[in-house]
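Structure first, then comments.
The values are calculated or read from the model by the stated rules, or taken from the named source; none is laboratory data. Just so we're clear, the structure is a prediction, and the values are computed from it rather than from any experiment. With ideal geometry, Cβ positions are generated from the backbone for all residues, glycine too; neighbour counts draw on all protein chains shown. Only protein heavy atoms, including side chains, enter the accessible area calculation; ligands, DNA and RNA are left aside. Shrake-Rupley method; radii C 1.70, N 1.55, O 1.52, S 1.80 Å.
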Amino acid sequence: QVQLVESGGGLVQSGGSLRLSCAASGSPFNINAMGWYRQAPGKERELVALISSGSGITYANSAKGRFTISRDFAKNTVYLQMNSLKPEDTAVYYCKVVRSDNPYWGQGTQVTVSS
């Protein structure tokens, strides 16, 4: 099992920045990928950014140029630096870890961007 603890969400004004963190514990070995998804009210969950051992880094078009994903291997932590935030970025952000091809999800952290 892998436990994920997310932090860093909150309320920010349009144009502001937030940094999300997701720390993996339990059995954080053989991790194939770590990343972030988000789900806005009434919408499906969507990929924001992903670091994969096979495919490298993938960003959603909406995140390119504004968000940066990074991973600290020693701390088993993945980060999402979000700059130039827009009201349409408002959503619950979920951390996802894939270990030995099994997905694990965090509990989600709310990001609200006011206009």
Quiz item: When only Cα pairs under 8 Å and 6 or more residues apart are kept, what is the percent relative contact order across the chain?
Solution: 36
Quiz item: So what's the chain giving for Cα Rg divided by 2.2 N^0.38 Å, two decimals?
Solution: 1.00
Quiz item: Measuring from label point to label point, each 7 Å out along Cα→Cβ, what is the Q3 to E44 span in nm?
Solution: 3.3
Quiz item: For the residue pair N102 and I57, what label-to-label distance in nm results when each label sits 7 Å from Cα along the Cα-to-beta-carbon direction?
Solution: 3.0
Self-check item: Per DSSP, loop chymotrypsin sites (Phe, Trp or Tyr not before Pro) in the range 58-115 with at most 14 further Cβ within 10 Å
Solution: F73
Quiz prompt | Anchor K64: aspartates and glutamates whose Cα lies under 20 Å away (excluding residues fewer than 8 positions away in-chain) | solution = E44, E46, E88, D89
Practice problem: Could you tell me the distance between the Cα centroids of the range 91-107 and the range 40-58, to the nearest Å? | Solution: 10
Self-check item: Protein accessible area in the chain, 1.4 Å probe - carbon and sulfur %
Solution: 47
Exercise. Treat every Asp and Glu Cβ in the chain as -1 and every Lys and Arg Cβ as +1, leave all other atoms uncharged, and give the resulting dipole magnitude about the Cα centre to the nearest 20 debye.
Key: 120
Quiz item: Rolling a 1.4 angstrom probe over the protein heavy atoms, how many square angstrom per residue are accessible across the chain?
Solution: 51
Quiz item: FRET efficiency for S115 and N30, Cβ-Cβ distance as r, R0 = 25 Å, nearest 0.05?
Solution: 0.05
